[in-house]
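Have a look at the structure below before the remarks.
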Amino acid sequence: MAAAEEGVDLRKELAEALKKSRALLCYECGKCSGVCPVARFDRSFSPRSLLVRAVRGEDATLIEDVNVWSCLTCKLCDTRCPAAIDYGLLTKSVRAFVRHEGGEGMCTHGGAVHALTRIMTSKELEQDRLGWVDDSLKISKKGDTLFFVGCAPYFDVVFSETGAKTLDSAKGAIRLLNAAGVEPMLLPNERCCGHDLLWNGDVENFRMLAQQNLAMIEESGAKRVVVSCPEGYATMKVDYPNHFGDLGFEVVHLTELLAGEIEEGNLEFEGDGETTVTFQDPCRLGRHMGIYDAPRAIISALPGVELIDMQRSRERGICCGVGGWMNCTSFSKMIQATRLREAKSTGASVLVTACPKCEIHLKCALKEQMLRDELQIEVRDLWELAASRLA
Amino acid sequence: MPNKDEKKAGAPSKEDQPAAKPRKKKSVLWREIPEPRAGAARREDADRGDGGFEPRIVAFACNWCSYPAADAAGISKLQYPPNARIIRVMCAGRVHPGFVLRALELGADGVLVSGCHFEDCHYLFGARRAAEQFEKVAEIVRMLGIGPERVRYEQISAAEAPKFARVMHEFVEEIKKIGPSPLAGTAEGELEVPDAVGEERT
């Protein structure tokens, strides 16, 4: 069956990952902990301590440590590490090992999202997840391009209280594709990409989800898969080939596709008054995948919209506070409040983000009335914003 | 034997393409989707239709209304099917969508959330909260396609023992009709529940 269960020694894999991630080259300068957005507020958390214990093989302390799950996997430490250590790979491997040994993090939202994604591993599922596709969206049955919707239909329900409308984002993404002359296919029975399970060490269930998605994409005959969610994009572009080799199709992020179309003059927007916005770089899109300019090109193409970057933007951008629906704490709230204040300090009235999770988390932080009254800033999704300005 | 397998696997790609072979070898991995681990036996029971299928139901019952109602149903010797494993919660508003999904994931065939009538709520707002939370999970279950009938929300006050018994009858009948959950037996840890009520107590 799945590799994680039989025959694979996770301890050996961890040792392998320590080598591969260059963790053994750590000389304990502590820059990772200095720059870590979690460590800034939570004194008990330190990426360096995690690394050192993993290198020393202090398994017992790792298994019991709740902080194994506190890392946002935002990779900010990666950018500062003078030894170029891959903390992402390290954290992923440590978590897979710790989960195998019985350690578990604190799932947020009652574990609803994790349960949901694990339910999706079932082969017999026949989902009814495209109820939101109305006549205004042009979808084709057969074609070269497939749009991978991601978890938006489910997030829209689970996180309705935060006011995040993730379906508006998915609809906006398809409208933008249509405007660029693309009528994408959709998978009626698409599974979660498996991102959250993978980053929480549940490799076995991640593989089951990935396999089903890959089988469905192959069946659809798509040559290009467009993803709007940065996490889905990073997972399909990096983790799927890592696990399953050549996929046989191209994975494109919507920002790249649209930025290309804008450059060629195929996509035009109309003005709707003057607005100043700032952009929250999603960690998966930015530091994980290196896409910084494409979303900015899209925002700049909107007439009347001025983009002012925050002091900490691009590769220095700060995460939205929670990664993989794990360990949402008061520290997450502090990270979010700081980030929102930083956004406001640019003078922007709208904070634009390209990730449904950033949107959910930052809107959730703004539910706190004191913060909302103080900042008076709006959080909007890039696709929803751009689609509302389509000419 | 290996020849046969090769022929099957090699059907789409003809033998005269040696260059493409090493790449294909890797990607073939994901075509072998693993089978669900267990649970097929329960489905067979249901297919036989001889009453072999006994639904496993998880019922979240509010401490102030539905749980006493279940108690009163017992005291009054009202008969109802013993398929439900009742979990007492202090308020049905505490039953987060995650709880219901977790029960389904672990193989429950149906989940009942039973709380107070809106105006009776011990905590004033909890019953409405329960309804809101249930609305979410009902929508998720509908989208997942595992049958919207598998989740049910009821308002049963402490004085409504007969209603509790009736709801149990109806729910169990309905689940028997639609059969075992497609998720039964696919999860990591099967739902560990006693076979009969009272056999195991914590």
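The residue of the stretch A:244-270 that is farthest from the other protein chains (Cβ to nearest Cβ), among those that are of a type in the set (F, W, Y) and over 14 Å from A:P184 (Cβ atoms), is A:F269. Being surrounded by fewer than 18 Cβ atoms within 10 Å (Cβ to Cβ), touching a residue at least 24 places away in the same chain (Cβ under 8 Å) and assigned to a helix (DSSP H, G or I) is the filter here; which residues of the stretch A:345-370 pass it? If the condition is that a residue be surrounded by fewer than 18 Cβ atoms within 10 Å (Cβ to Cβ), touching a residue at least 24 places away in the same chain (Cβ under 8 Å) and assigned to a helix (DSSP H, G or I), then A:S345 is the only one that fits. Among all positions in the stretch A:231-238, there is no residue which is under 20 Å from A:N205 (Cβ atoms), in contact with a helix residue (DSSP H, G or I) (Cβ under 7 Å, 6 or more places away or on another chain) and at pLDDT below 95. Can you tell which of A:S93, A:S70 is at pLDDT 90 or above, under 17 Å from the mean Cα position of the chain (by Cα) and either more than 14 Å from chain B (Cβ to nearest Cβ) or within 22 Å of A:R284 (Cβ to Cβ) (or both)? Going through A:S93, A:S70 in turn, the sole match is A:S70. Scanning the stretch A:281-311 for residues that are more than 17 Å from A:S349 (Cβ to Cβ) and assigned to a loop (DSSP other than H, G, I, E, B) yields A:D281, A:P282, A:C283, A:M289, A:G290, A:I291, A:Y292, A:A301, A:Q311. Count of the stretch A:73-101 residues, restricted to those that are among the hydroxyl-bearing types (S, T, Y) and either farther than 12 Å from A:H288 by Cβ or free of Cβ contacts under 8 Å to residues at least 12 places away in the same chain (or both), is 2.
For A:A115, indicate whether it is of a type in the set (A, V, I, L, M, F, W, C) and surrounded by 19 or more Cβ atoms within 10 Å (Cβ to Cβ). In short, yes.
Cβ-Cβ contacts under 8 Å between residues 6 or more apart (or on different chains), taken from a first residue in the stretch A:18-33 that is more than 9 Å from A:R48 (Cβ to Cβ) to a second residue that is of a type in the set (S, T, N, Q), are listed as A:L18/A:S93; A:S21/A:S93. Return yes or no: is A:A152 touching a helix residue (DSSP H, G or I) at 6+ places or on another chain (Cβ under 7 Å), surrounded by 20 or more Cβ atoms within 10 Å (Cβ to Cβ) and more than 8 Å from every other protein chain (Cβ to nearest Cβ)? Spelling it out, A:A152 is indeed touching a helix residue (DSSP H, G or I) at 6+ places or on another chain (Cβ under 7 Å), surrounded by 20 or more Cβ atoms within 10 Å (Cβ to Cβ) and more than 8 Å from every other protein chain (Cβ to nearest Cβ).
For the stretch A:312-327, name all the residues that are surrounded by fewer than 19 Cβ atoms within 10 Å (Cβ to Cβ) and assigned to a loop (DSSP other than H, G, I, E, B).
Matches in the stretch A:312-327: A:R312 only.
With respect to the conditions (1) within 14 Å of another protein chain (Cβ to nearest Cβ); (2) free of Cβ contacts under 8 Å to residues at least 60 places away in the same chain, A:P184 lacks only one, and its number is (1).
The values are calculated or read from the model by the stated rules, or taken from the named source; none is laboratory data. These numbers were taken from a predicted model, which means no experiment stands behind them. All Cβ positions, glycine included, derive from the backbone under ideal geometry; neighbour counts span all protein chains shown.
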